[in-house]
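Here's the structure we're looking at; comments come further down.
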């Protein structure tokens with residue numbers, strides 16, 4: 001029987017507050033910008049132009065540089 005693999009991930013600073021209150025000031029700036037785009041896609045007005053633009057941006061990788069910048073600053077080397 002296959003075993004389930006559990007990976008441990010660190011919750012980014014400020015994420016829980018952003019999720020609960022919408023305030024991203026406690027997050028890394030690049031991660032906060034990416035989170036805003038993602039939140040717009042998930043919870044924005046259904047047919048708004050800004051939501052559709054964010055969907056397209058996520059689909060095409062237009063915001064990948066934000067994640068790369070965050071990862072570069074918060075990289076945890078594997079031991």
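The values are calculated or read from the model by the stated rules, or taken from the named source; none is laboratory data. All values derive from a computational prediction rather than experimental measurement. When we count neighbours, we look across all protein chains shown, and the Cβ atoms used for this are built from the backbone with ideal geometry, even at glycine.
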Self-check item: Top-ranked residue in the stretch 40-79 [being in contact (Cβ under 8 Å) with a residue 40 or more places away in the chain and in a helix (DSSP H, G or I); ranked as nearest to the chain's Cα centre (by Cα)]
Solution: 70
Quiz prompt | Answer from 22, 26 - the residue that is modelled with pLDDT of 95 or more and more than 11 Å from the chain's Cα centre (by Cα) | solution = 26
Quiz item: Which members of the stretch 49-76 meet the condition of being loosely packed, with under 11 Cβ neighbours inside 10 Å and more than 19 Å from residue 15 (Cα to Cα)?
Solution: 49, 59, 60, 61
Quiz item: Across the stretch 14-39, what is the number of residues that are in a loop (DSSP other than H, G, I, E, B), on the phi < 0 side of the Ramachandran plot and buried (at least 17 other Cβ atoms within 10 Å of the Cβ)?
Solution: 3
